[in-house]
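The structure appears right after this line, and notes come after that.
The values are calculated or read from the model by the stated rules, or taken from the named source; none is laboratory data. For clarity, every value in this text was computed on a predicted model and none was experimentally measured. Because the Cβ atoms are built from the backbone with ideal geometry, glycine has one as well, and the counts that use them run over all protein chains shown.
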Amino acid sequence: MVKRLFDVALAALALVAAAPLLAVAAVAIRLASPGPIVYRAERTGRGRRPFVMYKLRTMHARRRGDGSRITGKNDPRVFPLGSWLRRAKLDELPQLINVLKGDMAIVGPRPEDPRIVALHYAPVHLETLMMRPGLASPGSIYSYTHGEALLVGADPEALYVKRLLPLKVALDVVYVRRASLGYDARIIGRTIWVILAMLAGRRRFRNPPELAAAQRLLDGPAPVGLPAPHASAPAPTAAPPTPVS
């Protein structure tokens, strides 16, 4: 209850503060690329319930189902303004509405596409579906700072599933097992710091402090009592960590 009250209060304040920025971004998106301003993404939430997650549109409008679910480096679908919005994480601001609606929290495991959950989640990953997904998490920070280098190739979705997804979600399992308001505050602080550092030009970041615990989760036995993932899911393989700068 305390976490939910904290999330609602912070989301409401942040949405009011960001309203002028969102208005400017909306006009800029409309001028930069024809199509809707907001992108509605299907995601899997707490208890495996599906929900619609809101983002500012950063790609050229396309038919539903076209292309990869994962955006690779230099993806031609992303228009120039959209690339900057993604770099600054401003495209995620509409998810504050998801927080107010109760679909998401400020801090929590990042939600995934239902198809990726069904086909590629290992049993240990399903622990992340026991709580509200969030805007920020250890996995989202790792994906932001290390993910782009792992998704260079012709098939970013296949690379994501093999190189990034297992470790990214394992990092969020670590969060689930350690969750507290104090930990949330640290994750918020780390997220703000890496965004500002990225915008300032930094491209190499230290590995997350949860990395060792996440690696142990991937190497250890599956937890008892959790439902099995889809039968066709391949065994996940964690990507090697990026060297510390």
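The set of residues from region 164-191 being surrounded by fewer than 21 Cβ atoms within 10 Å (Cβ to Cβ) and within 17 Å of TYR121 (Cβ to Cβ) comprises VAL176, ARG177. For region 73-81, the count of residues that are assigned to a helix (DSSP H, G or I) and touching a residue at least 60 places away in the same chain (Cβ under 8 Å) is zero.
Quick grid of which residues meet (1) of a type in the set (Lys, Arg); (2) within 23 Å of ARG110 (Cα to Cα); (3) part of a loop (DSSP other than H, G, I, E, B):
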residue	(1), (2), (3)
VAL8	no, yes, no
ALA11	no, yes, no
VAL16	no, no, no
ALA23	no, no, no
ARG30	yes, no, no
PRO36	no, no, yes
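Within region 143-159, the presence of at least one residue that is more than 21 Å from LYS89 (Cβ to Cβ) and under 15 Å from the mean Cα position of the chain (by Cα) is confirmed. Quickly run through region 117-142 and pick out the residues that are within 22 Å of PRO209 (Cα to Cα), assigned to a helix (DSSP H, G or I) and not aliphatic (A, V, I, L, M). Within region 117-142, HIS125, GLU127, THR128, PRO138, GLY139, SER140, TYR142 qualify. Determine whether ALA214 is modelled with pLDDT of 50 or more, touching an Asp or Glu at 6+ places or on another chain (Cβ under 9 Å) and not β-branched (Val, Ile, Thr). Considered against the rule, which asks whether it is modelled with pLDDT of 50 or more, touching an Asp or Glu at 6+ places or on another chain (Cβ under 9 Å) and not β-branched (Val, Ile, Thr), ALA214 comes out as yes.
Every residue, every condition in (1) under 19 Å from ARG87 (Cα atoms); (2) surrounded by fewer than 17 Cβ atoms within 10 Å (Cβ to Cβ); (3) free of Cβ contacts under 8 Å to residues at least 40 places away in the same chain; (4) not polar (S, T, N, Q), yes or no:
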position: PHE6; (1), (2), (3), (4): no, yes, no, yes
position: ALA17; (1), (2), (3), (4): no, yes, yes, yes
position: ILE29; (1), (2), (3), (4): yes, no, no, yes
position: ARG43; (1), (2), (3), (4): no, no, no, yes
position: ARG48; (1), (2), (3), (4): no, yes, no, yes
position: LYS55; (1), (2), (3), (4): yes, no, no, yes
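Filtering region 70-114 to residues that are buried (at least 18 other Cβ atoms within 10 Å of the Cβ) and among the polar types (S, T, N, Q) leaves THR71, GLN95, ASN98. Residues considered: VAL161, VAL224, VAL244. Of these, the only one that is surrounded by 17 or more Cβ atoms within 10 Å (Cβ to Cβ) and either at pLDDT below 90 or at negative phi (or both) is VAL161.
Each row is one residue, and each column tells you yes or no for (1) in contact with a Ser or Thr (Cβ under 9 Å, 6 or more places away or on another chain); (2) of a type outside the set (Lys, Arg); (3) farther than 23 Å from GLY153 by Cα.
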{"residue": "GLY45", "(1), (2), (3)": "no, yes, yes"}
{"residue": "PHE51", "(1), (2), (3)": "yes, yes, yes"}
{"residue": "LEU56", "(1), (2), (3)": "no, yes, yes"}
{"residue": "ILE70", "(1), (2), (3)": "no, yes, no"}
{"residue": "LEU90", "(1), (2), (3)": "no, yes, yes"}
{"residue": "GLN95", "(1), (2), (3)": "no, yes, yes"}
{"residue": "PRO111", "(1), (2), (3)": "yes, yes, yes"}
{"residue": "PRO114", "(1), (2), (3)": "yes, yes, yes"}
{"residue": "HIS125", "(1), (2), (3)": "no, yes, yes"}
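Residues in region 82-116 that are β-branched (Val, Ile, Thr) and in a helix (DSSP H, G or I): ILE97, VAL99, ILE116. In region 4-24, is there at least one residue being farther than 29 Å from GLU157 by Cα and in contact with a strand residue (DSSP E or B) (Cβ under 6 Å, 6 or more places away or on another chain)? Yes, region 4-24 contains a residue that is farther than 29 Å from GLU157 by Cα and in contact with a strand residue (DSSP E or B) (Cβ under 6 Å, 6 or more places away or on another chain).
Anything in region 181-201 that is of a type outside the set (A, V, I, L, M) and at pLDDT 95 or above? List them, or say none. So that I can check it myself, show each step before the final result.
Looking only at region 181-201, we keep the residues that are of a type outside the set (A, V, I, L, M), and these are 182-184, 186, 189-191, 193, 201.
Scanning region 181-201 gives GLY182, TYR183, ASP184, ARG186, GLY189, ARG190, THR191, TRP193.
Tell me the residue from GLY102, GLY134 that is at positive phi and at pLDDT 95 or above, please. First the steps, then the outcome.
Working: GLY134 fails: at positive phi.
Every option except GLY102 fails the conditions.
Looking only at residues in region 115-141 that are closer than 19 Å to ASP219 by Cα and of a type in the set (Ser, Thr, Tyr), the one that is surrounded by the fewest Cβ atoms within 10 Å (Cβ to Cβ) is TYR121.
Scanning region 134-181 for residues that are among the charged types (D, E, K, R), in contact with a helix residue (DSSP H, G or I) (Cβ under 8 Å, 6 or more places away or on another chain) and farther than 22 Å from PRO114 by Cα yields a single hit, ARG177.
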